[in-house]
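Every number here is computed from the coordinates shown, using simple stated rules; none is lab data. Computed from a predicted model, the values in this text were never measured in an experiment. Here the Cβ is made from the backbone with ideal geometry for all residues, glycine too, and neighbour counts use every protein chain on show.
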Amino acid sequence: MRKTLNFVATVGLMIFATGCVNNETKKNEGGEAQTSKCESVDLGLTSGTKWASCNVGADAPEAYGDYFAWGETISKEVYSDTTYKYYIAADSVAADSSAKKVWKNIGADIAGTEYDAATAVMGDAWKMPTEAQCKELIYECDWAWTEVNGVNGYKVTGKNGNSIFLPAAGLRGAGDVVNNDKIGGFWSSTICDAPETSGDFAMHLNYYSESHAVEKGGRGYGRTIRAVAK
């Protein structure tokens, strides 16, 4: 039975096939040209969405690829509030650590915009998936925890028999990648619209061996991205 239990990974951080090949080259903000080696895979989904066969920045399905804060298009070494491009510290934060944090509003859905890392790195044929597309991937596919070339993750099989592999790539905070090979997940393009979050969170697809679900995650933390074809 498919489990979709909510899961929050505490890691010393705050909460925080078949298809056409697309080898389009595009320069990211750092000026470095990158070529996508991913294929778009038709999983027979109701929406017709085709998912990339590997993560953004990866050249194989089991490779982790790059990590991004939500809305940033270049990977980095440290992921935190203070290194997040769209975090604005409140005036009183130095004197009062409980001061409310302020976040720049870059849109409720950043798919295909200047804030979309999938488009920036892989080219105009790709974008970040929406929250709805992530949920469709969960509810319309069979998920099986498995291993590919020594890497744990999920084989996700559509009703037409085609499949993609999602590696357990962990996440990044102030240091190295944590909980890789145990948990995985990737950003959606959708902000968390719950009033109490005040723009702190965006939605991501989160998974580990016993669960997979779409949840909110702190925008400043580094997560992988799995693109969808436009």
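Things to note:
- Residues Ser188, Ser163 in ascending order of nearby Cβ atoms (within 10 Å, fewest first): Ser163, Ser188.
- Exposure proxy ranking, count of Cβ atoms within 10 Å, fewest first, for Val214, Val56: Val214, Val56
- Gained length - Glu147 relative to Asn179, 0.36 nm times residue gap less alpha-carbon distance: 9.9 nm
- Antiparallel bridges, percent of DSSP beta bridges restricted to the range 71-214 (to nearest 5): 100
- Vicinal HN-Hα couplings computed from phi for the range 190-203 (Karplus, 6.51 cos²θ - 1.76 cosθ + 1.60; Hz; Gly/Pro x): 9, 6, 7, 9, 5, x, 6, 7, 6, x, 6, 10, 10, 8
- Rounded if a/c under 1.5, otherwise prolate or oblate - the range 128-176, Cα gyration tensor axes: oblate
- If R0 is taken as 25 Å, the Cβ-Cβ distance between Ser47 and Ala89 corresponds to a FRET efficiency of 0.05.
- Fewest-first sequence of Ser198, Ser189, Ser53 by Cβ atoms within 10 Å of each Cβ: Ser198, Ser53, Ser189
- Cα-based equivalent ellipsoid, the range 31-229: semi-axes from gyration tensor eigenvalues, Å: 28, 17, 17
- Projecting label points 7 angstrom from Cα along Cα→Cβ for Ser211 and Asn160 puts them 3.3 nm apart.
- Taking a Cβ cut-off of under 11 Å around Glu131, the surrounding Lys, Arg, Asp and Glu residues balance to a net charge of -2, with basic ones at +1 and acidic ones at -1.
- Lys, Arg +1 and Asp, Glu -1 on Cβ, resulting dipole of the range 31-229 about Cα centre, debye, nearest 20: 40
- Positive minus negative residues near Val178 (Lys, Arg vs Asp, Glu; Cβ under 12 Å): +1
- Peptides 79-86, 216-223, 178-185, 114-121 ranked from most to least packed by the mean count of surrounding Cβ atoms within 10 Å: 216-223, 114-121, 178-185, 79-86.
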